[in-house]
1. Restricting to the range 24-41, count the residues that are modelled with pLDDT of 95 or more and among the small types (Gly, Ala, Ser).
2. Could you pull out the residue among 36, 23 that is within 25 Å of residue 121 (Cβ to Cβ) and basic (Lys, Arg)?
3. Can you confirm whether residue 92 is surrounded by fewer than 19 Cβ atoms within 10 Å (Cβ to Cβ) and without any contact (Cβ under 8 Å) to a residue 12 or more places away in the chain?
4. Take the conditions touching a strand residue (DSSP E or B) at 6+ places or on another chain (Cβ under 9 Å), closer than 23 Å to residue 127 by Cβ and assigned to a helix (DSSP H, G or I) and apply them to residue 14. Does it pass?
5. How about the range 101-122: which of its residues are in contact with a helix residue (DSSP H, G or I) (Cβ under 9 Å, 6 or more places away or on another chain), assigned to a strand (DSSP E or B) and not aliphatic (A, V, I, L, M)?
6. For the range 68-82, which residues satisfy the criterion of being surrounded by fewer than 18 Cβ atoms within 10 Å (Cβ to Cβ), in a helix (DSSP H, G or I) and among the charged types (D, E, K, R)?
7. For the subset of the range 33-67 comprising residues that are assigned to a helix (DSSP H, G or I) and in contact (Cβ under 8 Å) with a residue 40 or more places away in the chain, which member is surrounded by the most Cβ atoms within 10 Å (Cβ to Cβ)?
8. Criterion first (in contact with a Lys or Arg (Cβ under 8 Å, 6 or more places away or on another chain) and more than 25 Å from residue 41 (Cβ to Cβ)) does residue 93 satisfy it?
Amino acid sequence: MARPDLEEIMNTLIPFAQQMLAKNGEFYPFGASMGKEGELTHVGASTGSEHPASQELIKLLIAGFQRDAAEGNLRAAGICIDVRIVLPGAIEKSDAICVQLEHVNGEAIEIYVPYRKGWLGKIKYGELFASKGKSAFFA
């Protein structure tokens, strides 16, 4: 049951991140959650600042998911972040979309979609890969 839930959240977060990259060349952290009945909700955070620090937005998103999980209203959730990482087999860092996903059953996974900006701002995407994540929402 966890895999389809996490895939549904991933499949809503990645296209929106790609849309924001195409339009703005970057994006602030955002998320999506799945309620206990399977309803999907898009989630944003705000500090009131026009240019908030990404870490502050991530903290707000995590706190909201933790609250929803503690109240028993959360089946799965994910946060989407614009990151720089060293890709498998590489030496230098690359830009990537990172989706941190968690399910109430304890499964946590991080999905990465590397990208680079080409001529005239056109975004070119690399191969998606995944790694084991850390629980933060259902801890």
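1. So the answer is 4.
2. 23
3. Judged against the criteria, residue 92 is a match.
4. Answer is yes for this residue.
5. 102, 103, 115, 117
6. Answer for the range 68-82, where residues must be surrounded by fewer than 18 Cβ atoms within 10 Å (Cβ to Cβ), in a helix (DSSP H, G or I) and among the charged types (D, E, K, R): there is none.
7. Restricting to residues being assigned to a helix (DSSP H, G or I) and in contact (Cβ under 8 Å) with a residue 40 or more places away in the chain, the top hit is 65.
8. When the stated conditions are applied, residue 93 passes them.
The values are calculated or read from the model by the stated rules, or taken from the named source; none is laboratory data. Just so you know, these numbers come straight off a predicted model, no measurement behind them. Here the Cβ is made from the backbone with ideal geometry for all residues, glycine too, and neighbour counts use every protein chain on show.
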